[in-house]
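To start, the structure under review is shown below, and the notes come after it.
The values are calculated or read from the model by the stated rules, or taken from the named source; none is laboratory data. Computed from a predicted structure; not experimentally measured. Methodologically, a virtual Cβ is constructed for each residue, glycine included, from the backbone with ideal geometry; neighbour enumeration extends over all protein chains shown. Quick note on the areas: whole protein, heavy atoms, side chains included, nothing else; ligands and nucleic acids left out. Shrake-Rupley method; radii C 1.70, N 1.55, O 1.52, S 1.80 Å.
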Amino acid sequence: MPAAPKTRREILGGCLGLLAAEACGQGREQTGKSPSGTQPTGASRVVVAREPALRTGGSVDSKRLAALLDRAMQAFFNVDKPVEAWRKVVRPGEVVGLKVNCLAGKGASTHPILVEIICERLQEAGIRARDILIWDRLCDDLESAGFRIATGRDRIRVMGNDLLGYEDELSTFGSAGSLLAKALTRISDAVINLPVLKDHGIVGVTLALKNLFGAVHNPNKYHPNVGDPYVADVYMLPPIRQKVRLAICDAIDGQYEGGPSYMPQWSWPFNGLLVARDPVALDRIGWQIIEDERARRGMKPLREVGREPRWIRTAARHGIGTDDPNRIQRIEV
Amino acid sequence: MGEALDRRTFLKAASTLPCMRALAADDARYVAEARFWEKLPHRKIKCKLCPRECVIDDRERGYCGVRENRGGVYYTLVHSRVCAANVDPIEKKPFFHVLPGTLSFSIATAGCNVNCKMCQNWDISQVRPEQVRSIYMPPREVAALARQNRCATVAYTYTEPVIFYEFMVDSAEAVRAAGVRNVVVTGGYITTEPLKELCKRVDAVKVDLKAFTEKFYREVVNGELKPVLQTLVTLRKLGMWTEIVYLVIPTLNDSDQEFRQLARWVKSELGPEVPLHFTRFHPQYLLKNLPPTPVKTLERAKAIADAEGLHYVYVGNVPGHPGENTFCPKCRRVLIEREGFFVRGMHLKQGRCPGCRHPIPGIWG
Ligand code: SF4
């Protein structure tokens, strides 16, 4: 049931809603549907899509970004049209959560313009606006990254876990014991993970796996030992494994040092997107991109500064995906 | 809050993780500049309150989740932000040598600087302050409530008072000025300088020594043993009344060897007069797969510590067990009879055994 074509502004109208003080907990029961493609054929494919002319006059050109996203999705799913790619990710009637990364405010967070285009594509694939939820840990973080909180049930919703709440029962795996965000457990049937390409001063890098720290109530407990095995263990919590269907890493800008805060002196325009079903493979490629940039700038590798993200290896051992570069198909488009 | 609490009023946030945005709306009242931290380049901060020494980016929090870097300045988010308040018997802390039979006004904020797999208060210790219901209770209110409820002490307890250090210190001053004593129930994971400052304002400290191996601290506590032992030594050097609780967990910290090493260390480094409580574990939080501690194990631990020459070794969380009583180490006369958290018989006379006049250490009046 694809929506009638709309302008991007109409589609994102939902995000321009009031900062309403609506009651929290407007959860929706899980549908119980099996997620499509949790064991995809492209499990270890990573598309690295780049567009050198992504910006005009210093700001991101939305048309070129949309074209870049389409190119990346078509390449990843090996289809001719973007809508065909999206239909391999979501089905009409599903509620789709878009897990952005907004901790660092503007500059080092998922770009709202990218999320806007993704919302447009989801609607073209038959997802109703009201069935799209853009979420992160805190409403304040979302706002500082340029999103507007929107809680109305008839439009795209933008909400933090501080508004939506967490489960009361612990979910556990290995070193992880957390209350999971209802945005993940109750509201979303499918989650699209939208991390950024960024250095992290404690756990090395923050990419697809670590972005799910935003789905637990206690991420501050998971940074010791350079995040190993915590990042991998959190990702093993069943609702995360079951519902996250795709990762699209916003690599419009990358940051190779000084994260997770935004440090403009250590950011560079990568002008790209990384797309994968396999978050481990995506993280392995993203880490390499960051290392390459560090090397280009004469900086030591993360291993030498005590921040090698060993949890990527641990995640591979858990069976989440593959971190072996020889078994990852890196597709440049 | 202007009214006295009922004796058993327990304001612990029963339903955790409510709609937190509404709760956060007034959080300016709870924010105060933190103590014991240093600035690092690029608006980063190093917290030096506890041995974890978190390095924190702008807009981030430390491991404990209650201290936040805002633009290169470090703040506590839990000053006067009480998520649990209760009037407890002091035996519940447990303190067995501090004003037996009295009440203790017991308070906590959210947060903790470790993450013990057996935590019985994880719903307030392992969450951020905005994730539990709290009430505004400034230090003068703490002191007033303690007096109104006829409490001999205020106890900073339930979660980990080290992480609400600023609130604890400010409250301790107000409480002492009101003629009430202060006691602290802690895991002892604190650096020396703040510990020394704290000790100027409080009267007794109970340390949860969770095991006697680094392995246990690493795997079960998410902390380290060595700094906790250092805290115990510092407390004794400062003359602070100190009691130790050791929660005995089947298969994890219950070997004869560990009990013996612990008892020997306590005797040699702290002295035989420091009370040592072996308490019973009940499965919860992340350790639900283990059974409750057999009473025989606690008795074995006590027997070993007694044999090593400690004078005051107790069995805890087993109401009615004779190991709850205090005996004279010289003539073995029973001095304080307890059942659970209640004192059934008090035979001490001016801090001495009524039979042989042996002095019993503690705070008795
Ligand atoms: S008190 Fe909190 S922020 Fe400070 S070092 Fe300890 S855990 Fe980290």
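Scaling the Cα radius of gyration of chain B by the globular reference 2.2 N^0.38 Å produces a ratio of 0.97.
What the phi angles of the range B:182-192 give under the Karplus curve with 6.51, -1.76 and 1.60, with θ = phi - 60°, is a coupling list of 10, 10, 10, 10, 9, x, x, 8, 8, 7, 5 Hz, glycine and proline written as x. In the range A:203-230, the residues that give up 40 Å² or more of accessible area when the other protein chains are added, compared with the chain on its own (1.4 Å probe), are A:H217, A:N220, A:K221.
Along the Cα→Cβ direction, 7 angstrom out, place labels at B:V233 and A:R55. What is the inter-label distance in nm? Label at B:V233, label at A:R55, 5.6 nm between them.
Computed across the protein assembly as shown, the Kirkwood radius stands at 27.1 Å (inverse of mean 1/r, all Cα pairs). The calculated FRET efficiency for B:D27 paired with B:E53, based on their beta-carbon distance and R0 = 22 Å, is about 0.30. Using a Gaussian network model on chain B with a 10 Å cutoff between Cα atoms, which of B:R333, B:R128, B:R140 fluctuates the most? Highest fluctuation of the listed residues: B:R333. Peptide A:163-170 shows a mean partner chain C-beta count of 4 within 10 Å per residue C-beta. Entry comment: accessible area of the range B:1-179 is 34 Å² per residue, from protein heavy atoms only and a probe of 1.4 Å. Shielding by partners for peptide B:117-130, expressed as the average number of C-beta atoms from other protein chains within 10 Å of each residue's C-beta, is 2. The dipole here belongs to the protein assembly as shown: it is taken about the Cα centre, uses +1 on the Cβ of Lys and Arg and -1 on the Cβ of Asp and Glu, and is about 700 debye.
The modelled label-to-label distance for the pair A:E332/B:R218, using points 7 Å beyond Cα in the direction of Cβ, is 4.3 nm.
The residues of the range B:188-321 present an accessible area of 40 Å² per residue when probed at 1.4 Å with all protein chains retained. The fraction of accessible area contributed by carbon and sulfur in the protein assembly as shown is 49 percent, rounded to a whole number (1.4 Å probe; ligands and nucleic acids excluded).
Placing a label point 7 Å from the Cα of B:E269 along the Cα-to-Cβ line, the residues of the range B:189-211 whose backbone N sits under 12 Å from it are B:209-211.
Each residue of the range B:307-320 was assigned a 3J(HN,Hα) from its phi angle through the Karplus expression (A = 6.51, B = -1.76, C = 1.60, θ = phi - 60°), giving 5, 7, x, 6, 8, 10, 10, 10, 10, x, 6, 10, x, x Hz with x at Gly and Pro. Only residues of the range A:74-96 count here: report those whose backbone N is under 19 Å from the spot 7 Å along Cα→Cβ of A:D292, or say none. Once the point is set 7 Å along Cα→Cβ of A:D292, A:75-76 turn out to lie under 19 Å by backbone N, inside the range A:74-96. A loss of 50 Å² or more of accessible area (1.4 Å probe, protein heavy atoms, ligands and nucleic acids excluded) relative to the isolated chain is seen in these residues of the range B:33-75: B:H42, B:D57, B:R59, B:E60, B:Y63.
Measure up B:K206/B:K330; B:K200/B:K237; A:K99/A:K210; B:K267/B:K302 against 18 Å on the Cα-Cα distance and list the ones that go over.
Pairs exceeding the cut-off: B:K206/B:K330.
With a simple spin-label model that places each label point 7 Å from the Cα along the Cα-to-Cβ direction, the separation between B:R150 and B:K196 comes to 4.1 nm. By the scheme Lys and Arg +1, Asp and Glu -1, what is the net charge of all other residues having a beta-carbon under 13 Å from that of B:T293? Net charge around B:T293: +2.
Using R0 = 56 Å, the C-beta based FRET efficiency linking A:V305 and A:D80 works out to 0.80. Per the accessible-area calculation with a 1.4 Å probe, the total area buried between chain A and chain B rounds to 2600 Å².
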